[in-house]
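Visitor: Below: one structure in structure tokens.
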């Protein structure tokens, strides 16, 4: 849902959410419950024409990945977690993640947190 509670719209593999600050194109897995999404890529278009990206992942999913890697040996046996454009969030769901993005715009931290594309 958008910041105002309005649902987004599907556009192929993208779930697009419009707010007064941006358009976000989330890429959830097919058939995934949108309010349970806990690991998703997002592309954000700002009104100034700039485009940004991030991988939003809940802290619960980070912990699960690290435990899995401890068993498989990946990431030095799960001793670290790295995503180049990762943003760890507390709560799952497209609505919650959209509210985080809006908050980052409103508090001026957006450009320090997301990765700008096309620079």
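What follows draws every value from the coordinates through simple rules; no lab data is involved. Since the structure is predicted, the reported quantities are computational estimates derived from the model, not experimental observations. Note that each Cβ is placed from the backbone with ideal geometry, even for glycine, and that neighbours are counted across all protein chains shown.
Visitor: Using a Förster distance of 41 angstrom, determine the FRET efficiency expected from the C-beta separation of residue 79 and residue 45, and round it to 0.05.
Guide: The value I calculate is 0.65.
Visitor: On a 0 to 90 degree scale, rounded to 10, what angle separates helix 59-72 from the longest Cα axis of the chain?
Guide: 30 degrees
Visitor: Let me ask something else. Using the 10 angstrom Cβ neighbour count as an exposure proxy, how do 15, 80 rank, fewest first? Numbers along the way, then the final one.
Guide: Working: 15 21, 80 9.
In order of increasing Cβ crowding within 10 Å: 80, 15.
Visitor: Right, another one. Dividing the alpha-carbon radius of gyration of the range 54-119 by 2.2 N^0.38 Å (N being the number of residues), what value is obtained?
Guide: Cα-based Rg divided by the globular estimate yields 1.29.
Visitor: Here is a follow-up. Compute the angle between helix 94-106 and the longest alpha-carbon principal axis of the chain, please, reported from 0 to 90 degrees and rounded to the nearest 10.
Guide: Helix 94-106 and the main axis of the chain meet at about 70 degrees.
Visitor: Using only Cα atoms, figure out Rg for the chain and give it as a multiple of 2.2 N^0.38 Å. Intermediate results must be reported in sequence, preceding the final value.
Guide: Details: Rg = 14.8 Å, N = 119, 2.2 N^0.38 = 13.5 Å.
Relative to the rule-of-thumb radius for its length, the chain sits at 1.10.
Visitor: Express in whole angstrom the spacing between the alpha-carbon centres of the range 11-60 and the range 86-119.
Guide: Each part's Cα centre sits 10 Å from the other's.
Visitor: Here is a further query. Calculate, for residue 90 and residue 111, the FRET efficiency according to 1/(1 + (r/R0)^6) with r their C-beta to C-beta distance and R0 30 Å; round to the nearest 0.05.
Guide: 0.90
Visitor: Quick check on the exposure proxy: order 68, 79 from fewest to most C-beta atoms within 10 angstrom.
Guide: Ordered by Cβ neighbours within 10 Å, fewest first: 79, 68.
Visitor: Of 10, 52, how do they rank once you tally other Cβ atoms within 10 Å and put the fewest first?
Guide: Ascending number of Cβ neighbours within 10 Å: 10, 52.
Visitor: Roughly what percent of Cα-Cα pairs across the range 30-72 reach past 15 Å?
Guide: Above the 15 Å cut-off, the range 30-72 has 60 percent of its Cα pairs.
Visitor: List, largest first, the extents of the alpha carbons of the range 1-64 along their principal axes, each in whole Å.
Guide: Cα spread of the range 1-64 along its principal axes, largest to smallest: 37, 23, 21 Å.
Visitor: Now, a different point. Would you mind computing, in nm to one decimal, how far apart the modelled labels at residue 55 and residue 35 are, each placed 7 Å from Cα along Cα→Cβ?
Guide: 2.7 nm
Visitor: Determine which residues of the range 90-119 fall in the zone a paramagnetic label at residue 10 would reach in this model, i.e. backbone nitrogen under 19 Å from the point 7 Å along Cα→Cβ.
Guide: 93-95
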